[in-house]
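Reviewing the structure listed below.
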Amino acid sequence: MIGHRRRAASVMALLTTALLSVPSPRAEARTLDALTRCRLGGGPDWSQTVDVQGNGGGSVPTGTNPPNILNHGDVFMVRPLLGDRVRINLWGTNYGPDGNATAAPSGWPFPGRFQFSEILRFNNNPGGWVGDPDQATAFPGCRRWEGGLPVRFLFYVNDPETWDNGGRWATSVHIWRGP
C-alpha cells in the first residue's frame, strides 16, 4: 500500500511538472512577433480611427502637433472606410479614398498619385518626412515599419483646391508593437 502511494505521488508530481511547463496560450501569444500576431488576426496593441476631412486632412494620433506613434519594428495596418465619400467641389462631385483612379499631373499636391484620393505621409516629429507619400489604401495588410525613425501618420486629400471640399473618410490605424 505504501509503495502504491509513493508511485501515485510520483506520477502526480510528474503530471504537475509537465502541466506547469506547458506555456499558456496567452503567454505564447506575447512571445509571437508583431507581424505574426497581426497576420493571425490578433488584436492590435494600439488603434485609433480618425476622420480625414475633405477640406483639411487628419492625423494619427489626432491633434495639431501629434507625437510619433509608430516605432521601428512595429507592424501597422491602415484601413480607410471605402464607402465614405469626400465632396471635392461645390457641385457635389464626390469620391471614395481611391479618388478617381487617374494619376495627378504636376502642379497637384501629390503628382503621380490618384486625383482626389486620400494620401498618407509618414512624418517624424521633429525630423520631417520619412519616405514617399502614397495612397492611404495601399496599406490594408500587415506591414512592418522599417523606416528607421519613429513616425506619426499624416493624411491629406490630393486636390489642389481643398477650400471647396466637404465630407470625410473614416480611417482606422492599427499598430502591433514590435520588439
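The values are calculated or read from the model by the stated rules, or taken from the named source; none is laboratory data. Being a predicted model, the structure only gives us computed values, none of them experimental. Note that each Cβ is placed from the backbone with ideal geometry, even for glycine, and that neighbours are counted across all protein chains shown. Each accessible area value is taken on the protein alone, full model and side chains, heavy atoms only, with ligands, DNA and RNA left out. Shrake-Rupley method; radii C 1.70, N 1.55, O 1.52, S 1.80 Å.
Would you please name the residue that is farthest from G92 (Cα to Cα), looking only at residues in the range 34-52 that are open to solvent by 70 Å² or more (accessible area, probe 1.4 Å) and either assigned to a loop (DSSP other than H, G, I, E, B) or of a type in the set (S, T, N, Q) (or both)?
L40
So, in the range 55-70, how many residues would count as being surrounded by 15 or more Cβ atoms within 10 Å (Cβ to Cβ) and farther than 15 Å from R121 by Cα?
1
Tally the residues that are open to solvent by less than 30 Å² (accessible area, probe 1.4 Å) and either over 19 Å from E118 (Cβ atoms) or touching a Phe, Trp or Tyr at 6+ places or on another chain (Cβ under 6 Å) (or both), restricting the search to the range 148-166.
Matching residues across the range 148-166 total 3.
Please give the strands (runs of 3 or more DSSP E) falling wholly within the range 68-179 in which 2 or more residues are out of contact with any strand residue (DSSP E or B) (no Cβ under 7 Å at 6 or more places or on another chain).
Strands (runs of 3 or more DSSP E) meeting the threshold: 128-135.
List pairs: first in the range 160-174 and under 9 Å from Q53 (Cα atoms), second aliphatic (A, V, I, L, M) and part of a loop (DSSP other than H, G, I, E, B), Cβ under 9 Å, 6+ apart or cross-chain?
Short answer, once both residue conditions are applied: N165/I88; G166/I88; G166/L90; G167/I88; W169/L81; W169/L82; A170/L81.
Could you run through the range 100-137 and say how many residues are over 26 Å from G148 (Cβ atoms) and open to solvent by 20 Å² or more (accessible area, probe 1.4 Å)?
Final tally of qualifying residues: 11.
In the range 84-99, what count of residues is obtained for those that are of a type in the set (G, A, S) and either free of Cβ contacts under 8 Å to residues at least 60 places away in the same chain or surrounded by fewer than 14 Cβ atoms within 10 Å (Cβ to Cβ) (or both)?
Within the range 84-99, residues that are of a type in the set (G, A, S) and either free of Cβ contacts under 8 Å to residues at least 60 places away in the same chain or surrounded by fewer than 14 Cβ atoms within 10 Å (Cβ to Cβ) (or both) number 2.
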